[in-house]
Amino acid sequence: MIQLILVFAAILIIGIFFAIFRISTLASAVMKKPGAEKDSQVSSGNSLHGALFIILPLIGFGAAGWYGYKYFGIYTQPHASEAASQTEPLFWIATAIIIAMFVITNVALFYFAYKYRYRQNGKAHFYPDNTKLEIVWTIVPAIILTTLIFTGWKAWRNIMYEANAPKNAQVIEIMGYQFAWMVRYAGEDNKIGRSDFRYVDASNAMGLDFTDPRTNDDIQLGQAEIHVVKGKPIELKIRARDVLHSVSIPHFRQKMDAVPGMPTRMTFVPTMTTAEMRQELSTRPEWQVIDETTGKARFQNFNYEIACQEVCGRGHFSMRAVIIVETQEEYDKWLAEQQPYVEKNKDYVVKAIEKQKRIKKEGLTTMRESANKGVRQTASF
Amino acid sequence: MAVAVQHDDAHVHDEHEHHENFITKYIFSTDHKMIAKQFLISGILWAFIGGLLSILFRLQLGFPEMDLSFLRFLLGDWIDATGKLDPEFYLALVTMHGTIMVFFVLTAGLSGTFSNFLIPLQIGARDMASGFMNMLSFWFFFVSSVLMFQSLFLENGPAAGGWVVYPPLSALPQALKGSGDGMTYWLLSMTFFIVSQLLGGINYITTVINLRTKGMSFSRLPLTIWAFFITAIIGLLSFPVLFSAALLLMFDRMLGTSFYLSDIYVAGQALHHTGGSAILYQHLFWFLGHPEVYIVLLPALGISSEVIATNARKPIFGYKAMILSMLGIAVLSFIVWAHHMFVTGMNPFLGTIFMFLTLIIAVPSAVKAFNYITTLWRGNIRFTPAMLFSIGLVSFFISGGVTGIILGNSALDIYLHDTYYVVAHFHLVMGSASFFGMMAGVYHWFPKMFGRMMDDRLGYIHFWFTFAGVYLVFFPMHFIGIAGFPRRYYSFTAFDAFRIMADLNSFISIAAILTFSAQLVFGFNFFYSIFRGRRAPLNPWNSNTLEWTTPINPGHGNWVGQIPYVYRWAYDYSKPNAEQDGFTDFIPQNVPYSQTPNSNLPYENELIEIEKEEMLPTDTTLHTEKVPE
Ligand code: HEM
Ligand SMILES: [Cu+2]
Ligand SMILES: [Cu+2]
């Protein structure tokens, strides 16, 4: 149905344009008065355009302001991390400044266009330059920008620099692959064991290295549902198995790409449990709306989500993981139910160790054998 | 229409004139004007294709539930049995849209058209430095176009990894259908494209440096030419880097090298690649990619400088500041690329450096905006369609530019990177602004290209619908971006956080369809006017630049007889006392100061002596041609 309407709308619009064109061509031919060419400098609609430059922007500013105000609670995602508490105020300050710049300059542009529209005996003011003005409007933006950067710089260092990361962070590994996430907890030693993409097979999706003793207590989750404790810093060790992915956690205002062959990292500190956030959202009208997909109110569905934000193929749009932020007690209870991978898959591990030792000894040779036939192996650059 | 060009020592192409046939005139032409038209028409055709692709994926985004079976005639099996668009083909559509718009429309269609058309005409040259290379430039572009177009119909579809084609995705056919033959076509096509750009660029640069007419010093060049000149230099320095990026990617794909690939397990198999760096590709790509956005934008800014000054009947405000800021932008554009990579795992210290460099580039951009606005101030503005599009350009440039200040702030970009906020930013500042520059150029120079006028009522309709349409499409995307919606998502239903604002997405799609329809008005107007438009007068916009001193339909060689000399800059509009010298509100560049004693500024009077000695004795155009009254 919709497509029919769209097609009709398109045809109608084209039709209207064409009609306007024909009619106005005919009309101008008929109505051309002798002497009407006197002022051929401009077309007759010149003032109309000037006026439109006032009317349309007014409507536009009004509509944008209305939407921005009315739906503020919808388009701003709730946030609950230490990084977000630093960047959110910066974002809104910067937004206020750019809205001011946007409005002032656009208004000047449109107003001048309207005000100085063509007059038959008008004459433009010959005004080729003014060095003082140029200097002013070089320096003023420079100062505003410098202030903005310095505040951003501080937040950037706090959030991204490894040196500024809390030393006692709990280590969790996340691996992106087409098209899901896989998660491993470092276990009691808080160290994740080595892994190698050559060890990957149907049972060992993350390529855990069982010859590394640090692997023994590592817990690999069956589903990408990361449990973390409120207020406790987490160090995410990020990698990818096949192509680029990106770990984006919108509610924490954080993001880091997952790169095959180059491990990356992110530190975050959640500041509100999932339950607390649901509680808080339950008071907001826009969150009481029923979500059609689940049949529940939106706040009941609320979850901290990880979305893949680097295009990775067909299933990119559904590469989701959930972060459950909870209290220490809840977390401990959950953790008690988890079992290290090595314990859960004893038989497999025994066999895998043999294979891994062999691969390690033979180095890349095995790879050459298994590499695509027809793909020539050359030196690695 | 073929105007016989008189023999002239300076004119190297004379021999060709006499045996000009259809093929040498319209196809393998070495005339810069014909080559410009070839670029323009290809660009327009590409723009319609690129636009159509965007409508297809906007249908998916705006109406995810919609039954798209009716598109099967066009897309075949990419629409599945239930009428749903294939998610991989969605990515292919996005990728092709981006590639086509950035490279084929806004680089070749805009810069290729107007650099070719205007450089010789505005600097007073018979043609480009090498007409043959110029012709090659178009034909390399043509081959590139054919390859890209053909790739749309491949069984596995065209390239689909985004217009940036990051490896490993773009290197592994196992990971994505489009990374098979489609990607090979993409790389080949881009290789030809780069060759075309380099041939064109070398020509533009040498022509501007060597073939300016007497008196046309760099300080008298119209800003259009400055813009094309700087653009060509940027392109010459940055496109080779894209070439090396593409070449290494080809090696990784075809020869099994590991420049970009490392530690990959895909489709049930561990690959042999080790030691490569996926980030290396991104550095190389954006080393072109960022300059590219200015390659796209600067010609548009140049065009609008010319159009705004002409139609405000005022000199462009701050001619020197405009040149300086373009030079500043050109230099800085090479050292900000990594702002596209803040969260790729690059060392955050580098991120800090690039944040500082990026925000510096905002300053010259701001200066340009202020200068345009001041040019309108106290003008006597005629709203020709070209003028409207130029004003629209300035508005988009500002509206899209201000969000760059937020994105350039690396701490804020962590959240916004790869969201619709970025999409809104660059579609306004680059996409729409440059597109409007192109349209301004077409409306303004159409009379010079085809000797006829475009219909201005249709032009007005085209402008207002497009201007409103662009804002209706891209402004709401800021809200979607603030809500964190990721780019290149086929659908937003998989996430609780993104199951909102579906109505806004539908709104955007409807606005996009309307805006696209308005382009049909342009298409009609353009092609209709080529054949049936009103005949153009010699200087329809009362403009100062040299191209309007050529015959209405200039032949190969541009001027009959001697090329006019240039005595003044291009912006003597509404000069005080010009009436007493017998001029109205404009004094063309080829009018000597000695003819305008009343309106000359003090330092201009001093130039009269030099003029009398060095120029006037040999300037035969002054005797044969009447100076416009
Ligand atoms: C005021 C000066 C500007 C600043 C500070 C700025 C900053 C940025 C930043 C930081 C990004 C990366 C955002 C991200 O991916 O997360 C970006 C993206 C982009 N900018 Fe700008 N920008 C400015 C002006 C421009 C101009 C003038 C153009 C075009 C002529 C432009 C075109 C683009 C494009 C095409 C992208 C996105 C490319 C992509 O990811 O596909 N920007 N800009
Ligand atoms: Cu993805
Ligand atoms: Cu950039």
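Worth pointing out:
- The residues of region A:101-135 that are aliphatic (A, V, I, L, M) and more than 9 Å from chain B (Cβ to nearest Cβ), listed by number, are A:V103, A:I104, A:V107, A:I135.
This table checks each residue for (1) at negative phi; (2) touching a Leu at 6+ places or on another chain (Cβ under 7 Å); (3) within 16 Å of ligand 1 (Cβ to nearest atom).
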| site | (1), (2), (3) |
| --- | --- |
| A:M277 | yes, no, no |
| A:W287 | yes, yes, no |
| A:D291 | yes, no, no |
| A:H316 | yes, no, yes |
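- Region B:398-413, residues that are over 24 Å from the mean Cα position of the chain (by Cα) and either facing chain A (nearest Cβ under 7 Å) or among the aliphatic types (A, V, I, L, M) (or both): B:I406, B:N409, B:S410, B:A411, B:L412
- Scope region B:433-461; condition assigned to a helix (DSSP H, G or I), at the interface with chain A (Cβ under 9 Å from one of its Cβ atoms) and in contact (Cβ under 8 Å) with a residue 24 or more places away in the chain; matching residues: B:D456, B:L458, B:Y460, B:I461
- Matching residues in region B:287-300 - criterion: being of a type in the set (F, W, Y) and either within 14 Å of another protein chain (Cβ to nearest Cβ) or away from ligand 3 (no atom under 11 Å from the Cβ) (or both): none
- Test: residue in region B:334-345 that is at the interface with chain A (Cβ under 9 Å from one of its Cβ atoms) and in contact with a Lys or Arg (Cβ under 6 Å, 6 or more places away or on another chain): yes
To keep it simple, each residue is scored yes or no on (1) open to solvent by less than 40 Å² (accessible area, probe 1.4 Å); (2) at the interface with chain B (Cβ under 7 Å from one of its Cβ atoms).
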site: A:H245; (1), (2): yes, no
site: A:Q254; (1), (2): yes, yes
site: A:A258; (1), (2): yes, no
site: A:T271; (1), (2): no, no
site: A:N303; (1), (2): yes, yes
site: A:R314; (1), (2): no, yes
site: A:E326; (1), (2): yes, no
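- The set of residues in region B:301-333 being within 11 Å of chain A (Cβ to nearest Cβ) and of a type in the set (A, V, I, L, M) consists of B:I308, B:A309, B:A312, B:I316, B:A321, B:M322, B:L324.
- When residues of region B:319-356 are limited to those that are in a helix (DSSP H, G or I), of a type in the set (V, I, T) and open to solvent by less than 10 Å² (accessible area, probe 1.4 Å), the one nearest to ligand 3 (Cβ to nearest atom): B:I329
- Assessment of region B:514-536 against the conditions (hydroxyl-bearing (S, T, Y), open to solvent by less than 30 Å² (accessible area, probe 1.4 Å), at negative phi and in contact with a strand residue (DSSP E or B) (Cβ under 8 Å, 6 or more places away or on another chain)) yields at least one matching residue.
- Only one entry in B:V102, B:V94 is touching an Asp or Glu at 6+ places or on another chain (Cβ under 9 Å) and among the aliphatic types (A, V, I, L, M), namely B:V102.
- Qualifying residues in region B:346-373 (those that are within 7 Å of chain A (Cβ to nearest Cβ) and of a type in the set (V, I, T)) - the one nearest to ligand 1 (Cβ to nearest atom): B:V363
- Residue in region B:64-83 that is more than 18 Å from B:V442 (Cα to Cα) and of a type in the set (V, I, T) present: yes
- Residue in region B:537-544 that is on the phi > 0 side of the Ramachandran plot and either open to solvent by less than 10 Å² (accessible area, probe 1.4 Å) or touching a strand residue (DSSP E or B) at 6+ places or on another chain (Cβ under 6 Å) (or both) present: yes
- In the set A:H79, A:H49, only one residue is under 30 Å from B:F507 (Cβ atoms) and open to solvent by 60 Å² or more (accessible area, probe 1.4 Å); that residue is A:H79.
- Qualifying residue in region B:134-147 (condition: more than 26 Å from B:S434 (Cβ to Cβ) and among the small types (G, A, S)): no
- Leading residue by the ranking (nearest to the chain's Cα centre (by Cα)) among those in region B:264-280 that are within 13 Å of B:P167 (Cβ to Cβ) and part of a loop (DSSP other than H, G, I, E, B): B:S277
The values are calculated or read from the model by the stated rules, or taken from the named source; none is laboratory data. The shown structure was predicted, so the numbers you read here are calculated from the model rather than taken from an experiment. Cβ: placed from backbone, ideal geometry, glycine included. Neighbour counts: every protein chain shown. Accessible surface is based on the protein model in full, side chains and every heavy atom, while ligands, DNA and RNA are left aside. Shrake-Rupley method; radii C 1.70, N 1.55, O 1.52, S 1.80 Å.
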